[in-house]
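Colleague: Before we start, here is the structure in question, set down as structure tokens.
Each value in this text was obtained by applying a stated rule to the coordinates, not by laboratory testing. Everything numeric in this text was worked out from a predicted model, so none of it was measured. Cβ atoms come from the backbone with ideal geometry, glycine included; neighbour counts cover every protein chain shown.
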Amino acid sequence: MQRHKNGLLEDLQPRNSQLHKQRRAMVHRNRATRRRLIEAIDCRKWEEARPRQSRFRSGLKGLWDWARGETKRIQRRNETEA
């Protein structure tokens with residue numbers, strides 16, 4: 001019985017090795033794909049945020065907008081667009 005078991009294990013060894021190699025390759029591909037997707041999402045997020053942020057004025061004009069409530073209006077508009 002032990003010889004039969006050892007014979008079966010020897011027959012399965014090359015197949016298991018091949019499956020482990022395929023699994024490692026698949027994990028590597030999936031990680032690379034996931035990394036590219038995350039980078040694309042981050043890039044798109046910043047590209048979309050830049051025009052919204054540019055609506056706010058700085059300096060005395062920004063202070064004037066804040067006093068008039070214009071800043072809140074722009075903020076609400078940006079939130080709905082986001």
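Colleague: Quote the charge dipole size of the chain about the Cα centre in Debye, to the nearest 20; the model charges only the Cβ of Lys and Arg (+1) and of Asp and Glu (-1).
Modeller: So the magnitude is around 20 debye.
Colleague: I would also like to ask the following. Under a 10 Å cutoff between Cα atoms, tell me which one of Ala40, Ala67, Ala32 has the largest fluctuation in the Gaussian network model of the chain.
Modeller: Among Ala40, Ala67, Ala32, the largest mean-square fluctuation in the Gaussian network model of the chain belongs to Ala67.
Colleague: Also, I was wondering about something else. Report the one residue of Gln53, Trp66, Ala40 whose Cα lies farthest in the direction of the positive end of the charge dipole of the range 35-76 (charges on C-beta: Lys and Arg +1, Asp and Glu -1; origin at the Cα centre).
Modeller: Projecting each Cα onto the dipole axis, the largest value belongs to Trp66.
Colleague: I would also like to ask the following. Return the FRET efficiency for the residue pair Arg76, Thr33: r is the Cβ-Cβ distance, R0 is 41 Å, and the value is rounded to the nearest 0.05.
Modeller: The value I calculate is 0.65.
Colleague: Given a Förster distance of 41 angstrom, what is the FRET efficiency for Arg52 paired with Leu19, based on the Cβ-Cβ distance and rounded to 0.05? If you can, show how the numbers build up before the last one.
Modeller: On the way: r = 49 Å, r/R0 = 1.20.
Plugging the Cβ-Cβ distance into 1/(1 + (r/R0)^6) gives 0.25.
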